[in-house]
Amino acid sequence: MIAKESISAVLQRVDIVDVIGSFVRLKKRGANYLGLCPFHHEKTPSFTVSPTKEIFKCFGCGRSGNVISFLMEHEKLSYIEAIRWLAQRYHVELEETTSSPEWKEHQMLADSLYIINQFAQDFFTHALFQTEEGRHIGLTYLQERGLREHIIHKFQLGYAPESGSAFAEAALRKGYQPEYLLKAGLISKRHNQAPATDASAYRDMYVSRIVFPIHHISGKIAGFGARTLRNEPNVPKYINTPENEVYVKSKILYGLYQARQAIGREDECLLVEGYMDVIAMHQAGIEHVVASSGTSLTTDQLQLIRKLTRNLTIVYDGDQAGIKAAQRGIDLALEQGLEVKLVLLPDGEDPDSYLHKYGAEALRNFIASQKKDIILFQIETAIADAGEDIHKKSNLIQQIATTLSHLQDSTDFLRRQEYIRRCSQLLHIDEQGLTSLVNKLIREQLQRKTFQQRSTAQPSSMAAEAAQISALETSSEAQQLLQDDALQEKGLIKVLLKYGHIPLKEQYTIAQFIFNESVEIDLIDHPIAKLILLEYKQQYERNQAIDLRYFLYHENAEISRFVAEVLNLLSDDALSYSWEERFQLQILKEQDMPIEQTIQTVHHLKMRKLKKMIEENLQELQQAQTDEERFEKIQTHLFLKNMEKQYGAITGTVIYY
């Protein structure tokens, strides 16, 4: 893990205008900068960057955040990857916290493999463009396949020379260790007596091949695929990097790095089978496309897609092999909450060949017009295959029920019911019976997941406390009466983060007042506000220094986004106007009164919630049917009125913010 001191050093150096300006053309407007939003299509600039607040906000699509959340969203990086990206840009050396020797060894090996892979890509690209052999053989082949030079550079394609040892010699001459080159799958040992440090002891793994670098979504090269240019029967057409610390085939999608932004813009991911399909489609302007590289879809690959979009369209060959390949992994895709469509190209065609025959516009139109719901397609295909065979039909019903049971997201309920209705009609079976079978399978899956979670879960103290808060909310009848006071809760967070460290009296701060005398965390409705209060309280109780920037650049993207939104949207004027309207109270600005009176905000928040609880309880008292229910509601009313009296005694008529 990266040391907190290193993260702080990076954040101290960051210039949000400089970083975002490298992706978006910004123009200065007053104290801020304005540009076209990179997250949605727009013609009139609505994307604002504030260097003083260190946040951005798009008033078109609503996206907001800080420089880290921008990188995470725009470049599809994790929090740690974004920190490393910034550290590299601003030349900050990152210090790792104490970790196990095994982890350090793993990290050093991974870093070494990334460095070697980058060297290899540079070597192969140089061989393609700068050597006579590469231009004559490799570049000619790619041009015959219809690829233009700009797309070759975009995907960093290269050429592996025929000599069989050119790369090994270059890498060893550069000082790279043989064990790392072997681990990366770039060389292999010869059966001779040459010393281990001698280039003659090794041969290149890629010989007379077009080389396709395979990137992580961060842009780092994880491995390579290589296509032979020889017409020899015993030579495999494609070979890949063996799995190692940075290349795991089941966790990578070819082209995802190049497609990540287009997938977000189009809100759809097209899945094809091969490298050349991806590259040809990019050249044709269809950029939201990735390839599974011949493997069945895995949970890890689907999660990569799910981070960018919920809409997956599989574009495969229309032959039997293509149909079977498309149907593999359907259940996994549904479990990830993906909407899966299928496009089957004419028999014998793939996207690359279709583009060559009919052009880009024809392929776009074909994909748009030929999308099939993959579940219904699977059912119709299976019904045709089953015919009148009772045993096959029985197995089919079980298979369909299993597939539909993976639609467990709350947003999938209507989809599942519609599928059940359609399947019942197609199979001529009772709809209620199929519904019962699907629900039974859902219960069984949930029971298995619950058992696994109980047996493996090791929650952190914060997660455990959050779970306790959640349990209190579930069990407390009064708590369920509280409605969403989002504006007041955001105001509370802003007061705490901006002024929590400021003393009210000797040895007494605003944070101490909030946590010791006033706000109970379980009175907060907003889940992110609750997390912020919880973490702030934990750090406060440990006497740790807390500042606004810690939460603004929090590794939890939801917390970071929430704080940026609070800082961006809740100006004093906007909040004061809202509270004046809602509470009919006099509002004073920050410059008009002492900081001590900001704490009135807290009391009014609690008073507002208490009034709602009293109103709701009175309504239920009027609707009570039995003496026991009426007695319970009267007792609740007396308790709430007593609380109201206590807080009324200390609540003034002025709200400061």
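Once region 356-376 is narrowed to residues that are under 13 Å from Val340 (Cα atoms) and open to solvent by less than 40 Å² (accessible area, probe 1.4 Å), the residue that is farthest from the chain's Cα centre (by Cα) is Leu376. Within region 76-93, being within 22 Å of the chain's Cα centre (by Cα), of a type in the set (D, E, K, R) and more than 17 Å from Leu304 (Cα to Cα) holds for one residue alone: Arg84.
Could you check, for region 190-205, whether at least one of its residues is touching a residue at least 60 places away in the same chain (Cβ under 8 Å) and not aromatic (Phe, Trp, Tyr)? No - not one qualifying residue is present in region 190-205.
Of the candidates Gln301, Gln258, Gln336, the single residue that is under 17 Å from the mean Cα position of the chain (by Cα) and open to solvent by less than 10 Å² (accessible area, probe 1.4 Å) is Gln301.
Leu407 meets all of the listed conditions (1) within 23 Å of Thr299 (Cα to Cα); (2) open to solvent by 80 Å² or more (accessible area, probe 1.4 Å); (3) assigned to a loop (DSSP other than H, G, I, E, B) but one, namely (2). If you go through region 524-565 and keep only what is open to solvent by 30 Å² or more (accessible area, probe 1.4 Å) and assigned to a helix (DSSP H, G or I), you end up with Pro527, Leu531, Lys537, Tyr540, Glu541, Leu548, Arg549, Tyr550, Glu558, Arg561, Glu565. The number of residues in region 1-46 that are open to solvent by less than 40 Å² (accessible area, probe 1.4 Å), under 30 Å from Glu102 (Cα atoms) and part of a loop (DSSP other than H, G, I, E, B) comes to 1. Taken together, the residues in region 164-177 that are open to solvent by 20 Å² or more (accessible area, probe 1.4 Å), of a type outside the set (Ser, Thr, Tyr) and within 37 Å of the chain's Cα centre (by Cα) amount to 1. When Gly225, Gly164, Gly219 are checked against the criterion of being out of contact with any Pro (no Cβ under 7 Å at 6 or more places or on another chain), under 18 Å from Gly134 (Cα atoms) and part of a loop (DSSP other than H, G, I, E, B), a single residue qualifies: Gly164. On inspection, Ser353 does not qualify as open to solvent by 30 Å² or more (accessible area, probe 1.4 Å), at negative phi and not in a helix (DSSP H, G or I).
What are the residues in region 232-247 that are touching a strand residue (DSSP E or B) at 6+ places or on another chain (Cβ under 8 Å), modelled with pLDDT of 90 or more and open to solvent by 30 Å² or more (accessible area, probe 1.4 Å), if any? If the condition is that a residue be touching a strand residue (DSSP E or B) at 6+ places or on another chain (Cβ under 8 Å), modelled with pLDDT of 90 or more and open to solvent by 30 Å² or more (accessible area, probe 1.4 Å), then Pro236, Lys237, Tyr238, Ile239, Asn240 are the ones that fit.
Being in a helix (DSSP H, G or I) and open to solvent by less than 10 Å² (accessible area, probe 1.4 Å) is the requirement here; does Leu271 meet it? Here the answer is no, as Leu271 does not meet what is asked.
Residue-wise test of (1) open to solvent by 10 Å² or more (accessible area, probe 1.4 Å); (2) farther than 30 Å from Ala262 by Cα.
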{"residue": "Glu179", "(1), (2)": "yes, yes"}
{"residue": "Ser188", "(1), (2)": "yes, yes"}
{"residue": "Tyr206", "(1), (2)": "no, yes"}
{"residue": "Ile214", "(1), (2)": "no, no"}
{"residue": "Ile217", "(1), (2)": "yes, no"}
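The values are calculated or read from the model by the stated rules, or taken from the named source; none is laboratory data. It should be emphasised that the depicted structure is a prediction, and the values quoted were computed from it without experimental measurement. As a convention, Cβ positions derive from the backbone with ideal geometry for all residues, glycine included, and neighbour counts pool all protein chains shown. All accessible areas refer to the heavy atoms of the entire protein, side chains included, with ligands and DNA or RNA removed. Shrake-Rupley method; radii C 1.70, N 1.55, O 1.52, S 1.80 Å.
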